[in-house]
Amino acid sequence: MSSAESELGSVEYIQHHLTNLCAGACDPETGADAGFWAWHVDSLVISTLLGMLIVFVGWRLGKNLSADKPGKFQNFVETIVEFVDQSVKDTFPGHNPLIAPLSLTIFVWVWLMNFMDMIPVDLLPVMASWFGIHYLKAVPTTDLNVTFAMSLTVFALIVFYSIKIKGPIGYLKMFLFHPFGKFFIPVNIVMTFIEELAKPLSLGLRLFGNLFAGELVFLLIAIIGGSAMVLLPMQIGLGLGWLIFHLLVITLQAFIFMVLTIVYLGMAHTEDH
């Protein structure tokens, strides 16, 4: 645990690290959002910078592509692209030129945001404090606003393609006659509404829950070493073990978000429900 924690109690230390840098409708004492127009500046800036990084790397790689002698990084990127492309082919019915690029963007962007959880929990907040920034939550996917923003964007695409493929009447029939037929229309409406609502909820909450829990474990491990130096080896061992395991978690969560997006959009592209 760092010297920053020694100035705070354990509870205050965790609360401080789980508080976003807020602008707008914010509580002046706690720094937490206190209204609808509260902006989590750290989540917005970090996620945007990571998105710009993807665009920049893609642009640079595109300028230096070599079919005869590809470099190691090009081979690595091609492996990811082929993996995502195969996932789309295995899961998505028919053809839509948007699905593969969307899936690749989701997988890489979510993974990069998740990867911010691998940075030592005190490093970026301490560096930010040098510039007078007292709150910094460095992992965008531990912010429910970020995960729901992504899931609602996917949900908007689901609704769009459902209406486009099935037609407005066909989309309405899905609510009226699925899953129990024309004699149970009120029940069908409720069941289908819940089924559709579960899509963005499952996307947003699953990603947020796993990453928030992972960040909390890192904070709990950071507290261990501050109570006595004799516990420092335990802290290092636990931190390293969780780091290795969490690397699998962040990759798996990015993959699950991508696959569910493909599946839900695939369901929207079918004529029937």
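How do SER103, SER202, SER66 rank when sorted from fewest to most other Cβ atoms within 10 Å of their own Cβ?
Working: SER103 22, SER202 15, SER66 8.
Lowest to highest Cβ neighbour count: SER66, SER202, SER103.
Note down the relative contact order for the range 140-273 as a percent, whole number, built from C-alpha pairs under 8 angstrom at least six residues apart. Before the final figure, lay out each step's value.
On the way: 109 pairs, mean separation 47.5, N = 134.
This gives 35 percent for the range 140-273.
For helix 72-91, report the angle its Cα long axis makes with the longest principal axis of the Cα atoms of the chain; keep it between 0 and 90° and round to the nearest 10°.
40
Over the range 3-268, what relative contact order in percent results from Cα pairs under 8 Å that are six or more residues apart?
On the way: 270 pairs, mean separation 64.5, N = 266.
Rounded, it is 24 percent for the range 3-268.
Which of TYR171, TYR13 comes first, and how do the rest follow, when ranked by fewest Cβ neighbours within 10 Å?
TYR171, TYR13
Roughly what angle does helix 99-115 make with the longest principal axis of the chain, taking Cα atoms, 0 to 90 degrees, to the nearest 10?
20
For Cα pairs less than 8 Å apart in space and 6+ apart in sequence, what is the mean separation divided by the residue count of the range 141-213, i.e. the relative contact order in percent? Let's see the in-between values first.
Numbers: 61 pairs, mean separation 36.5, N = 73.
After rounding, I find 50 percent.
In whole Hz and in residue order, list the ³J(HN,Hα) couplings for the range 119-136 that follow from phi through the Karplus curve 6.51 cos²θ - 1.76 cosθ + 1.60, θ = phi - 60°; x for Gly and Pro.
Ordered by residue, 3J(HN,Hα) equals 6, x, 4, 9, 4, 5, x, 5, 4, 5, 5, 5, 9, x, 9, 8, 10, 7 Hz.
Take the Cβ-Cβ distance between ASN75 and LEU240 as r, set R0 to 30 Å, and report the resulting FRET efficiency rounded to the nearest 0.05. Could you put the intermediate results ahead of the total?
Details: r = 29 Å, r/R0 = 0.97.
The formula returns an efficiency of 0.55 here.
Give the separation of the Cα centroids, the range 47-99 to the range 187-227, in Å.
Going from one Cα centre to the other spans 28 Å.
I'd like the orientation of helix 144-177 relative to the chain: the angle between its Cα long axis and the longest Cα principal axis, in ° from 0 to 90, rounded to 10.
Relative to the chain, helix 144-177 is tipped by roughly 10 degrees.
Which loop chymotrypsin sites (Phe, Trp or Tyr not before Pro) in the range 65-167, with loop taken from DSSP, have no more than 11 other Cβ atoms within 10 angstrom of their Cβ? Please report the intermediate quantities before stating the final value.
Details: sites: PHE73, PHE76, PHE83, PHE107, TRP109, TRP111, PHE115, TRP130, PHE131, TYR135, PHE148, PHE155, PHE160, TYR161; in loops: TRP130, PHE131, TYR135.
Listed in order of number, the matching sites are TRP130, PHE131.
Work out from phi, with θ = phi - 60° and the Karplus expression 6.51 cos²θ - 1.76 cosθ + 1.60, the ³J(HN,Hα) of each residue of the range 13-25, listed in order in whole Hz, and give x for Gly and Pro.
Once θ is set to phi - 60°, the couplings for the range 13-25 become 4, 5, 4, 4, 6, 9, 9, 6, 6, 9, 9, x, 7 Hz.
Run the count for the chain, please: Lys pairs, Cα-Cα under 27 angstrom, 8 or more apart or on different chains.
Eligible lysine pairs with Cα atoms under 27 Å apart amount to 14.
What is the percent of Cα-Cα separations in the chain that go past 34 Å?
Values: 12454 of 37128 pairs.
Summing the P(r) of the chain above 34 Å gives 34 percent of all pairs.
Computed FRET efficiency, Cβ-Cβ of ILE189 and ALA25, R0 45 Å: what is it to the nearest 0.05?
Values: r = 36 Å, r/R0 = 0.80.
That pair, ILE189 with ALA25, gives E of 0.80.
Starting from the amide H of ASP143, placed 1.01 Å from N in the peptide plane, find each other amide H under 5 Å away whose residue is 5 or more places distant or on another chain.
none
Quick check: residue separation of ASN64 and LEU252 times 0.36 nm, minus the Cα distance between them. What number comes out in nm?
Working: separation 188, 0.36 × 188 = 67.68 nm, distance 3.02 nm.
In short, 64.7 nm is gained.
How much length, in nm to one decimal, is gained on full extension between LEU172 and GLN86, taken as 0.36 nm per residue of separation minus their Cα-Cα distance? Write out the running numbers ahead of the final one.
Values: separation 86, 0.36 × 86 = 30.96 nm, distance 3.28 nm.
Once the chain is fully extended between LEU172 and GLN86, it gains 27.7 nm.
With springs only between Cα atoms under 10 Å apart, run a GNM on the chain and tell me which of LEU152, LEU207, LEU65 wobbles the most.
Its mean-square fluctuation being the largest, the pick is LEU65.
Amide H of CYS26 versus every other amide H placed in the peptide plane: which residues, excluding those fewer than 5 positions away on the same chain, fall under 5 Å?
Result for CYS26 returns ALA34.
Full extension from LEU123 to LEU144: what is 0.36 nm times the residue separation minus their Cα-Cα distance, to one decimal in nm? Walk me through the numbers before you get to the answer.
On the way: separation 21, 0.36 × 21 = 7.56 nm, distance 2.25 nm.
Extra length from LEU123 to LEU144 when fully extended: 5.3 nm.
Here, each number is a calculation from the coordinates, and none is a lab measurement. Just so we're clear, the structure is a prediction, and the values are computed from it rather than from any experiment. Reconstructed Cβ throughout: ideal geometry from the backbone, glycine too, with neighbour counts over all protein chains shown.
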